[in-house]
Each structure stands twice: as C-alpha cells, then as structure tokens.
Amino acid sequence: GQQVMQIPQYQHVQEGEDFTTYCNSSTTLSNIQWYKQRPGGHPVFLIQLVKSGEVKKQKRLTFQFGEAKKNSSLHITATQTTDVGTYFCAGLREGTALIFGKGTTLSVSS
Amino acid sequence: NAGVTQTPKFRILKIGQSMTLQCTQDMNHNYMYWYRQDPGMGLKLIYYSVGAGITDKGEVPNGYNVSRSTTEDFPLRLELAAPSQTSVYFCASSHRDRESYTFGSGTRLTVV
C-alpha cells in the first residue's frame, strides 16, 4: 500500500537557524497536506499543495511539491521558539483518506 | 462553533473491557475519520466515513468498529480492549476528501 516517509525524525536547532523536513511517497499523490502538532496538542492544518512543482509561502515557512508529485518539503527560515512541535506531511490515497508520515519533531533552543 | 469534539479526554481500561470513543462535529462535514497516534509512529488511519451510513476500513481496523448514523457523529467502538490499543485517538472531519482536516483534541486511552 501507499507509504509516506518523512525525514529526519528529530531535529534540534538554535533559534535563528533554518530547518527543513522532507517527505517522500511510494506513489504519485493527488495532493499533499502539511500539519503541525504542538506538544500535547492535536494536528493543525498548515497548507495543501496540489500542482506539480508548486511552491507556497506562509511568512517564514516555504512548502514545495515535487515535479513528479511524489515528494515535498517544508523549510522554515530563522526558526523561533514558537516553531517547536511535530510537522507531518500527509498524502491523499485515492478513494480513501490522508496517509500521514511519521513526522519530524523540531526542538529549538534560545 | 465547537468544531470536532471528542469525549472522553482520558480513559483507563482493563484488558477485555469495552468502550466507545465519542466524536461529533458541527461543521456539517461529510467526511469523518479516526486515527490513532503512537509515539514516533505518526497517525494511522483506523476507519473513515464519506457520509451517513457509509464506513470503510483504514490501515489498522482490527479490534475496532464504527458506525455513522448521522452526519454529526462518528463513534469508535473498542471491543475486548488489549494493551496494544493503548494510544491517543484522534477524530477528524473534512468537507470533501481533498480538503483540510479538522482534528478533535484527542482521547488518551490506556489499557492495563
């Protein structure tokens, strides 16, 4: 079945450094979504990418969808302590529901 | 507007007991989902529903049952609880399958 793989599993950065997490699917995706989960919280939707090669920005966050629609990345510029949490990518499996990667847990020290 | 509401927030079950995790949404979403989250393992899809009266299995359905008698409610039933079902359970909903999901705050279940 479809799998969504995400790396790295953990990342620690100093405040102000950049951060990137990568997502790869074993199959072509119709779309990909990104979620953020704060410690002890629930996943919260960040963005959806649909088109091949699409790039979207939200302030310091940049999301990319690969040309083949099998990979994606989330880049955070100049991390802040408020960026702490686990970032999940999720690919839509046709006819079912979102399949989530295992997530990348980001910690930030000031 | 409450969004997706899950009850209870915490529960401890003994092996072999049964329980129902409640989920209700007030956004008139057609699609609803149940996921479980284990540490370091992301979210695994248990069951989902595309509308009232329609349910289907996800990645890890064994040991669980669901029903969808109304658009608002999507309860998850655990029969004969086992320690492997210790997890955090999230209910979510979306208007359509290709739109963002809104998650509830979760139910933390421990089976001892």
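Derivation of every value follows stated rules applied to the coordinates shown; laboratory data play no part. For clarity, every value in this text was computed on a predicted model and none was experimentally measured. Every residue, glycine among them, receives a Cβ derived from its backbone with ideal geometry; neighbour counts consider all protein chains shown.
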The range B:39-46 - phi-based ³J(HN,Hα) in whole Hz, Karplus 6.51/-1.76/1.60, Gly and Pro as x: x, x, 10, x, 10, 10, 6, 9
Size of electric dipole in the protein assembly as shown: Cβ of Lys, Arg +1 and of Asp, Glu -1, about Cα centre, debye, nearest 20: 120
Percentage relative contact order, chain A, counting C-alpha pairs under 8 Å, at least six apart: 37
Peptide A:39-45, shielding by other chains (average Cβ, 10 Å cutoff): 6
Residues of type lysines that A:Lys57 reaches as a straight line, Cα spacing below 29 Å, ignoring anything fewer than 8 places off in the same chain: A:Lys36, A:Lys69, A:Lys70, A:Lys102, B:Lys44
Placed amide H near A:Gly85: partners under 5 Å, 5+ positions off or other chain: A:Leu106
Per-selection metrics, chain A (Cα): Rg and Dmax in Å: 13.3, 44
Calculated FRET value between A:Ser107 and B:Leu80, using beta carbons and R₀ = 41 Å, to 0.05: 0.60
Calculated over the protein assembly as shown: convex hull of Cα atoms, volume per residue (Å³): 118
